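Written out below as structure tokens is the structure these notes cover.
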């Protein structure tokens, strides 16, 4: 197959633009300087001026959870408790997500608000940052009073009774014990979610839902449906003993589904006011000393760690842990990562590059969190969402959505990074944003020799855009088609 009569942007600096792209089987066979027409009876696809890029990778997705939210009531646009309650009542649904009460004039939410809808059926709604859970009395009763857990927060009223809001570990344990969907429900939603991701140009993603057994869900799905996304799967750090016993190392799996890294949490989030800060505020889920042991134990069995760190204290402690253990993991070539890195003290910013720890950032979080940052971090705005400064320091930055916190849509992340960051000095060039969306994620998953760019020998994982983004308003750019391993997985040609 030959794609021609358009712009091929390979994202490889040695061959940035090609006049045509040849695909043979699963791989890119040629471009500029290669005799594409030497292929036997090639199929020719007329791009008609469209642009081809390497396919997008979302480096931070809770995919099964995101897929299920498509079947739940959405509360992200609710402007008050009353508005949220009315949306829930009108939907008739018992589950939902997306509420953010920091600016609700009649907040905070309580179980009494939900009891007005139903006192008999359990109602449960996860916050936008997925670190808080809003429950009615019937749902709270499921726990039988067992709500407190280290690293968790149970909001209580003046009488000491739970208000109906759980945060961090308390929310997650409740969800795990009482709110999980069946595997069949997950798989059905993931099948639809995979199609939607392909529609948005996504060819690969890094999953964060290891704690619900996402790799097993993908295996169940693959039994009935060919996978059209490459999955780099996380698993909780608590599984280290099991991985050691099995002798299972990072990278195990197939070209479409691999176990990749361990996941840990240092702190909470900005929206839930549980980010671990240098001023002593927030919630510490994992201490620096604990993470040091996790990283050391993980390296001993061949696993890198991806650690969630939002606050400046959380990021410092995470970097300290990686620095204390670098003699163990660096010689093994393990590719460590910090997820989010939303608030980084200036003294710590250059340490990412110095240590070789990747920043797994979310470009769409910056515009989405602008008002929250101004409210909760007014004295730290110059160290929040410092994407450009991190890049300028030499750090590798990979972009993700954190879906369902933000929508799984990598192009929206590119647009946010280039033109919508409220700190204009932290906006990126288009080249930098695309590198973070296509090239850097492939390096993180040890795929830099097989995908992420469109040069001969790489997988033919690509996206066709309706116009060249380098010559267009980014808001006007749309995905036309997506290819994975030489096969069209969304909207095959010809196109109008």
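Quick note: the coordinates plus some simple rules give every number you see, no bench work behind them. On a predicted model such as this, the values are computed, not experimentally measured, just so you know. As a convention, Cβ positions derive from the backbone with ideal geometry for all residues, glycine included, and neighbour counts pool all protein chains shown.
Kindly express, to the nearest 10 degrees and within the range 0 to 90, the angle between helix 169-178's C-alpha long axis and the longest C-alpha principal axis of the chain.
So the helix axis and the longest Cα principal axis differ by about 80 degrees.
Can you give the FRET efficiency to the nearest 0.05 for residue 296 and residue 256, using r as the Cβ-Cβ distance and R₀ = 35 Å? Spell out each step's value before the answer.
Details: r = 31 Å, r/R0 = 0.89.
FRET efficiency, residue 296 to residue 256: 0.65.
Using only C-alpha atoms and all pairs of different ones, pull out the Kirkwood radius for the range 181-444 in Å with one decimal. Mind showing how you got there, number by number?
Values: mean 1/r = 0.0532 Å⁻¹.
After inverting the mean inverse Cα-Cα distance, the result is 18.8 Å.
What distance in nm lies between label points placed 7 Å from Cα along the C-beta direction at residue 354 and residue 77?
Inter-label distance under the simple model: 4.7 nm.
How would 347, 409 line up from fewest to most surrounding beta-carbon atoms within 10 angstrom? Don't skip to the answer; put the middle values down first.
Values: 347 10, 409 22.
Sorted ascending by nearby Cβ count, the order is 347, 409.
Residue 429 to residue 192: extension gain in nm, 0.36 nm per residue of separation minus the Cα-Cα distance?
Numbers: separation 237, 0.36 × 237 = 85.32 nm, distance 3.30 nm.
Going from the current span to full extension adds 82.0 nm.
Once the Cα atoms of the range 69-178 are picked out, what are the Rg and Dmax in Å?
12.7, 38
Rounded to the nearest 5, what % of the DSSP beta bridges within the chain are antiparallel ones? Please report the intermediate quantities before stating the final value.
Values: 32 of 72 bridges.
In the chain, approximately 45 percent of DSSP beta bridges are antiparallel ones.
Which ordering of 345, 113 is given by a fewest-first count of other beta-carbon atoms within 10 Å?
Values: 345 17, 113 20.
Arranged by neighbour count, lowest to highest, 345, 113 become 345, 113.
Which order do the peptides 230-242, 449-461 come out in when sorted by mean C-beta neighbours inside 10 angstrom, highest first? Intermediate results must be reported in sequence, preceding the final value.
Working: 230-242: 19.3, 449-461: 21.8.
My ranking of the peptides, most packed first, is 449-461, 230-242.
Of the beta bridges DSSP finds with both residues in the range 181-444, what % are antiparallel, to the nearest 5?
Looking only at bridges with both residues in the range 181-444, the antiparallel portion is about 10 percent.
For a Förster distance of 30 Å, can you work out the FRET efficiency between the beta-carbons of residue 120 and residue 211, rounded to the nearest 0.05? Write down the numbers at each step before the final one.
On the way: r = 30 Å, r/R0 = 0.99.
Taking R0 as 30 Å, the efficiency between residue 120 and residue 211 is 0.50.
Within the range 304-319, whose backbone N sits under 20 Å from a point 7 Å along Cα→Cβ of residue 289?
From the range 304-319, the list is 313-319.
Would you please calculate the Kirkwood hydrodynamic radius of the range 117-188 over all C-alpha pairs and express it in Å, rounded to one decimal?
Answer for the range 117-188: a Kirkwood hydrodynamic radius of 12.7 Å.
Quick one: plug the Kirkwood hydrodynamic radius of the chain (C-alpha pairs) into Stokes-Einstein at 4 °C, 1.567 mPa s, and report D in µm²/s.
On the way: Rh = 23.4 Å.
For the chosen part, D equals 55 µm²/s.
Give the relative contact order (percent, whole number) for the range 181-444; include only Cα pairs under 8 Å separated by 6+ residues. Intermediate values should be presented prior to the final figure.
Numbers: 465 pairs, mean separation 34.2, N = 264.
Dividing the mean separation by the residue count of the range 181-444 yields 13 percent.
Can you tell me, using C-alpha contacts under 8 Å and at least 6 residues apart, the relative contact order of the chain as a whole percent?
Numbers: 1094 pairs, mean separation 89.8, N = 496.
Relative contact order comes out at 18 percent.
Using mean Cβ contacts within 10 Å as the protection proxy, how do 275-281, 152-158, 470-476, 176-182 order, highest first? Intermediate results must be reported in sequence, preceding the final value.
Numbers: 275-281: 17.1, 152-158: 15.4, 470-476: 11.6, 176-182: 13.1.
Descending mean neighbour count gives 275-281, 152-158, 176-182, 470-476.
Arranged from highest to lowest average of other beta-carbon atoms within 10 Å per residue, in what order do the peptides 369-381, 291-303, 197-209 appear? Show your work: numbers first, answer last.
Working: 369-381: 15.8, 291-303: 20.2, 197-209: 25.4.
Highest to lowest by the protection proxy: 197-209, 291-303, 369-381.
State the extension gain, in nm to one decimal, for the chain segment bounded by residue 146 and residue 91, taking 0.36 nm per residue of separation less the distance between their alpha-carbons. Could you put the intermediate results ahead of the total?
Working: separation 55, 0.36 × 55 = 19.80 nm, distance 2.98 nm.
The span from residue 146 to residue 91 would gain 16.8 nm if fully extended.
Stretched out fully, how many nm does the piece from residue 244 to residue 371 gain, at 0.36 nm a residue minus the Cα gap?
On the way: separation 127, 0.36 × 127 = 45.72 nm, distance 4.45 nm.
Contour length minus the Cα-Cα distance gives 41.3 nm.
Do you know the relative contact order of the range 145-298, to the nearest whole percent, from alpha carbon pairs under 8 angstrom that are 6+ apart?
Values: 186 pairs, mean separation 27.2, N = 154.
Result for the range 145-298 is 18 percent.
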